[in-house]
1. Which of Asp70, Asp36 has the fewest other C-beta atoms within 10 Å, and how do the rest follow up to the most?
2. My understanding is that a pair violates if its Cα-Cα distance is over 21 Å; which of Lys163/Lys200; Lys3/Lys91; Lys59/Lys113; Lys19/Lys101 do that in this structure?
3. Given 5 Å bins starting at zero, what is the percent of C-alpha pairs of the range 4-120 in each, up to the one with the largest pair distance?
4. Would you list Thr104, Thr196 from fewest to most Cβ contacts within 10 Å?
5. Which distance in nm do the two modelled labels at Val197 and Asn177 give, with both placed 7 Å along the Cα-to-Cβ direction?
6. Find out how many positive minus negative residues lie around Ile46, taking Lys and Arg as positive, Asp and Glu as negative, among other residues whose Cβ is under 12 Å from that of Ile46.
7. List the aspartates and glutamates whose alpha-carbon lies under 12 Å from that of Lys182, not counting same-chain residues fewer than 8 positions away?
8. Give me Thr20, Thr106, Thr185, Thr212 sorted ascending by neighbouring Cβ count inside 10 Å, so fewest comes first.
Amino acid sequence: MAKQFLVIGLGRFGISVAKTLFEAGADVVAIDEDEDLVQEAINNDIVDNAVMLDATDEKELNSIGAGNFDVAFVCIGSNQQASIIVTLILKELGIKNIIAKAVTKTHGKVLEKIGANQVIYPEEYMGKRVALLAMEPNMIEHLRFSQDFLLLEVKAPSVFWEKSLIELGVRNKYSVNIVGIKKSTGILNASPKADTVIEKGDVLLVITDSKTANQLESLK
C-alpha cells in the first residue's frame, strides 16, 4: 500500500513540499486554517486534496483521519506555539514519521523533544544549496549522508543524451546508480528501467560517492 502524506501549513515551504509530493504521484492531503491558501492550492493544481481546518484542534485532525497517515510535514511558519502543539498532537495520534519546520534552533530542539523525527531549517538549507550551486552550477542538489556517500541531482551531461541506461552502463562505468530522472516538463520517473533513454534537459537523481560525483559533474 502506498504511503500517505499529510502536509500542514500552506505557506511557501508547505506549498513546495505538497507540490513535490503531488507531482511525484504521492497520496497527499494538505491542510491550512486559511481558506484562501487552501483554495489557491486547489486552483493552481498544487494538490487535488486540500482541506481548511485548524490543526491545533485534535478533533479537527481526527475528522480527516490524521492518525492514519504514514508521514506528516508540519510546515507552519512563524507561529512556533502552533507548530509545537500540532507536532505533539500528531505524535499522540500515532504518526510514526513527523517532519517539522523550525524557525530557530531552540524551536527545533523543542520539536525534537516532543516527537518530531526530523527537524528542517529551510533558510539554513537554502543557504547551503545556493552556495553549492555557485560552486558547482550543474549540481542541482547535493545531500551528504556520510563523509563519502551522496544523493545528488545533476543535469544530464551531453554524452548521456539519446542513450539508454543499459547503453551507458553507468553503474559499471561511472560507479553511479541512477534512481530517478526528472524531465524538463517537471515529470519525475522515480523508477527508470534499463531501456529508459536520457534526453537533453533531463535531471538525474543519482547515488554515488564524492570522487565519482566530482567526475560526473565535470562531464560535458
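1. The order, fewest Cβ neighbours first, is Asp36, Asp70.
2. Details: Lys163/Lys200 10 Å; Lys3/Lys91 17 Å; Lys59/Lys113 23 Å; Lys19/Lys101 16 Å.
Checking Cα-Cα distances, Lys59/Lys113 exceed 21 Å.
3. Whole-percent P(r) values from 0 Å outward: 2, 13, 26, 26, 20, 10, 2, 0.
4. Thr104, Thr196
5. Roughly 2.8 nm, to one decimal.
6. -3
7. Partners within reach: Glu23, Glu153, Glu199, Asp202.
8. Thr185, Thr106, Thr20, Thr212
Read-outs: derived from the displayed coordinates by stated rules, not from any lab. As the structure is a computational prediction, the values presented were derived from the model and not from experiment. As a convention, Cβ positions derive from the backbone with ideal geometry for all residues, glycine included, and neighbour counts pool all protein chains shown.
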